[in-house]
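Heads up, the thing below is written out as structure tokens.
The values are calculated or read from the model by the stated rules, or taken from the named source; none is laboratory data. Bear in mind that the values here come from a model prediction, so they are computed numbers and not experimental data. Ideal geometry is used to build each Cβ from the backbone, glycine not excepted, and the neighbour counts take in all protein chains shown. In case anyone asks, the SASA skips ligands and DNA or RNA and just uses the protein heavy atoms, side chains included. Shrake-Rupley method; radii C 1.70, N 1.55, O 1.52, S 1.80 Å.
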Amino acid sequence: MESPILNFINGQLQAAASGQWLVSHAPATGEAYVQLPDSDERDVEQAVVAAHAAFPAWNALGREGRSDRLMKLAALIERDLEKFVAAESRDNGKPLSLARRVDIPRAISNFRFFATGILHFASESHMMDDVAVNYTDRQPFGVAGCISPWNLPLYLFTWKIAPALAAGNCVVAKPSEVTPMTAYMLSALCNEAGLPPGVLNIVHGLGPKVGSAIVSHPRIPAISFTGGTKTGAEIARVAAPMFKKLSLELGGKNPVLVFADCDFEDMLKTTVRSSFTNQGQICLCGSRILIERSLYPRFRDAFVARVKALRVGDPNDAATDVGAVVSEPHMEKVLAYIAGAKKDGGTVLCGGERVKLAGALANGWYIAPTVIEGLDNNCSAIQEEIFGPVVTLQPFDDEADALRLANSTPYGLASVIWTNDLKRAHRVARELKAGIIWINCWMVRDLRTPFGGVKQSGVGREGGWEALRFFTEAKNVCVRL
Ligand code: NAD
């Protein structure tokens with residue numbers, strides 16, 4: 001095993017107070033390859049104390065001082081880009097090429113975006129004719145709690161930390177215990193970037209121990225969480241009676257609406273990506289493909305042919321399209337959904353099983369990209385989040401039918417519309433119950449836009465000014481003229 005991952009508290013790398021360790025696996029081979037601290041509320045307490053002590057000086061550095069440190073941190077990740085890319089792929093099972101194209105560059109962009117954004121962040125003022133002027137004073141609240149999942153490890157971790165720090169808060173953060181490596185590597189760069197001790201604290205360990213100690217800590221007034229809906233509900237249950245600020249980015253079951261008049265080739269290419277990028281483990285992946293009935297046979301045949309051509313393989317191989325799913329329990333969960341779909345009368349058009357690769361990869365957790373049709377809209381494979389390389393196909397008759405199916409799950413994160421009818425595109429976009437709509441594209445991301453979901457996909461929005469508003473408290477000051 002490699003030398004262990006350590007917590008980063010008050011500028012120091014250290015083991016957990018318990019002296020206990022957890023083990024992290026490499027999904028490509030199934031091997032246990034590194035230990036991480038099995039931390040608990042004692043480590044969180046230390047981190048909170050350090051963060052509070054660091055807060056006045058960090059805030060006093062001002063926007064430019066903080067921006068400068070965060071830009072340095074971005075530059076250091078960029079300097080070590082290839083190391084981060086290799087580590088992310090190894091820890092998560094995703095293709096190396098994807099980590100290089102998406103995950104690590106986006107983590108760098110997250111820091112640069114908020115480090116520069118804070119320089120331009122202005123607040124409102126409201127004139128009351130000649131009576132008074134109100135201005136909104138937005139101040140950081142002190143210490144933010146940030147908790148992130150395993151699917152885009154450094155990308156989502158930094159998406160929270162960067163705005164929290166830029167706004168002037170100190171942070172106690174917990175990456176997923178399933179993919180802790182790149183957050184650890186980030187912590188090892190903080191001192192070099194000139195981040196004062198205690199500004200960013202990273203505590204590794206289990207959700208019910210470390211995560212819940214962060215959520216329930218009385219001196220952490222705001223929690224930014226990305227993860228599953230069930231966990232989000234538990235966090236809200238604990239944090240709401242404490243009147244904490246909460247941002248919850250949760251699960252999805254995103255529909256892709258394919259109208260017969262779409263640009264077929266463009267749609268097909270993008271829909272293969274929106275289904276199977278990162279092994280389908282992106283909260284924004286389209287997992288329910290709804291196709292206008294007249295196009296259905298053509299779509300199904302062409303789509304299945306493309307999906308069969310995807311290469312499941314070694315994440316290190318440049319030719320690999322689909323790597324390993326993140327863990328053995330997750331693989332079992334995804335396979336159980338496929339088995340359930342068959343029982344419910346679904347037809348598996350391709351995939352549907354574990355893929356056993358040769359040699360060192362023989363025990364890796366690979367699933368063939370799977371396409372299922374013929375399911376009733378109420379069955380669990382259509383209503384519940386699978387979060388793996390599995391999509392379902394359903395025909396629809398007209399726009400109203402498409403909307404009925406699209407809006408029929410408890411989730412509402414993202415939706416994709418494929419049509420060349422401009423009026424219909426806007427009309428359908430307005431009617432879809434989701435926080436993010438893509439028309440004739442997918443995963444095109446402008447970091448200034450509001451990001452988040454409705455219904456069981458979450459509460460609140462991240463991104464752009466929304467994030468900087470979340471990580472500050474607004475105070476209205478009214479001055480008599
Ligand atoms: P998860 O909810 O199991 O874990 C997320 C994080 O929460 C982990 O760090 C975990 O340790 C921690 N945690 C677990 N229990 C906790 C508790 N009781 N208190 C505090 N923290 C706790 O989710 P996951 O399996 O890591 O990630 C997959 C899920 O994340 C999927 O549902 C996916 O849709 C969702 N997700 C959503 C978005 C979005 O932006 N909406 C983005 C990515 C992933």
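Structure notes:
- Verdict on HIS217 being touching a residue at least 24 places away in the same chain (Cβ under 8 Å) and in the same structural domain as ALA87 (by TED's automatic domain parsing): yes
- Within region 172-197, considering residues that are closer than 30 Å to GLU328 by Cα and away from the ligand (no atom under 16 Å from the Cβ), the one surrounded by the most Cβ atoms within 10 Å (Cβ to Cβ): MET185
- Filter result for SER327 (surrounded by 20 or more Cβ atoms within 10 Å (Cβ to Cβ) and within 15 Å of the ligand (Cβ to nearest atom)): no
- Flag for LEU165 being in a helix (DSSP H, G or I) and either open to solvent by 10 Å² or more (accessible area, probe 1.4 Å) or within 8 Å of the ligand (Cβ to nearest atom) (or both): no
- The criterion of at least 3 residues that are more than 16 Å from the chain's Cα centre (by Cα) is met by the following strands (runs of 3 or more DSSP E) wholly inside region 216-302: 254-258, 286-292.
- Residue in region 140-155 that is part of a helix (DSSP H, G or I), more than 22 Å from TRP21 (Cβ to Cβ), more than 12 Å from the ligand (Cβ to nearest atom) and open to solvent by 10 Å² or more (accessible area, probe 1.4 Å) present: no
- Checked against (1) more than 26 Å from ALA86 (Cα to Cα); (2) touching a residue at least 24 places away in the same chain (Cβ under 8 Å), SER327 passes all but condition (1).
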